Amino acid sequence: MMIEIADVAVRYGHGATAVEGLRMRAAPARVTAIVGGNGAGKTTVLRLLSGVLGAHDGRCVAGEVTVDGHALLGRSPAAIVRRGITHVPEGRHVFGSLTVEENLRAGATTQRSSLPALLAEAYARFPILAERRRQRAGLLSGGQQQMLAIARGLMSRPRYVLLDEPTLGLAPLMVDQIRDIVADLRASGIGVVIVEQNAAMALSVADEGYVLEQGRTTLSGAAAVLRDDPMVAALYLGGSAEDRPTFAVGRCDIGTWAS
């Protein structure tokens with residue numbers, strides 16, 4: 001069981017290349033981090049996996065994408081959700097005029113018969129949402145809205161969750177809470193693909209990582225190894241590896257996941 005991207009190229013509009021020759025894997029119960037600068041192609045990868053490239057005038061012009069051996073390209077976003085992939089896009093996009101619980105119900109389109117159990121699971125995982133279930137989502141803090149966006153995505157009972165910049169604009173304490181949520185999802189067996197400009201946070205919780213530059217993978221492998229790479233440290237982690245604390249994350253040989 002795995003998401004696999006093989007030699008994919010994506011273009012926008014009249015030929016602007018977003019990614020080229022992309023190869024990537026993501027597995028259940030693992031966290032895969034994608035880091036890189038603005039315009040590196042990180043968000044494009046998540047759009048590719050969730051089937052929303054067309055909504056952004058993008059198209060896959062080469063390569064294959066499979067989930068658990070089943071072809072993903074050409075499927076509608078709804079079909080991809082049914083296949084077990086949910087996308088939490090950058091910016092949270094909660095329905096501000098609806099209550100917290102109404103937002104959660106909106107995420108259960110494929111699991112209507114399980115709605116009571118799904119709501120109970122959401123409130124157990126995010127107690128603050130239980131406290132504010134009747135409050136309009138637009139009145140929540142930024143961090144609480146991010147929790148709601150993730151909880152809404154989980155209402156489809158996915159096997160894989162795609163998180164696009166989940167810590168953007170959040171206070172440091174809330175960044176730590178989002179990191180803990182990602183770790184909890186992994187512990188529950190869900191595969192997480194996280195796109196982050198906060199590379200230190202992403203690589204601290206990830207098992208594997210990919211560094212994208214101008215639409216190509218420049219480095220890949222164990223997140224712990226990437227954290228100690230001098231280039232990654234200089235470009236994305238704000239200094240040398242020696243200046244940063246060590247986190248307990250999985251290890252594998254550098255390059256294993258890009259081969």
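What follows is calculated from the coordinates using simple rules that are stated; it is not laboratory data. Since we're looking at a predicted model, the values are computed, not measured. Note that each Cβ is placed from the backbone with ideal geometry, even for glycine, and that neighbours are counted across all protein chains shown.
Listing for the model above:
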quantity: Hz values of 3J(HN,Hα) by residue in the stretch 30-35 - Karplus curve (6.51, -1.76, 1.60), Gly and Pro given as x; calculated: 9, 10, 10, 9, 10, 10
quantity: 222 nm mean residue ellipticity, helices alone, for the chain (DSSP H n ≥ 4; -39,500 (n - 2.57); rounded to 500); calculated: -9000 deg cm²/dmol
quantity: For D68, residues with placed amide H under 5 Å, excluding near neighbours; calculated: M2, I3, E4
quantity: Fully extended contour minus Cα-Cα distance, from L173 to M1, at 0.36 nm per residue; calculated: 58.5 nm
quantity: F95 versus E131: modelled label distance in nm, points set 7 Å from Cα along the beta carbon direction; calculated: 2.5
quantity: Among beta bridges that DSSP assigns inside the chain, antiparallel share in %, nearest 5; calculated: 55
quantity: Förster-model FRET efficiency, 30 Å R0, A71 and T17, C-beta, rounded to 0.05; calculated: 0.85
quantity: Label zone at E121, where the point sits 7 Å out along the Cα-to-Cβ direction: the stretch 58-97 residues whose backbone N lies under 18 Å; calculated: 80-88
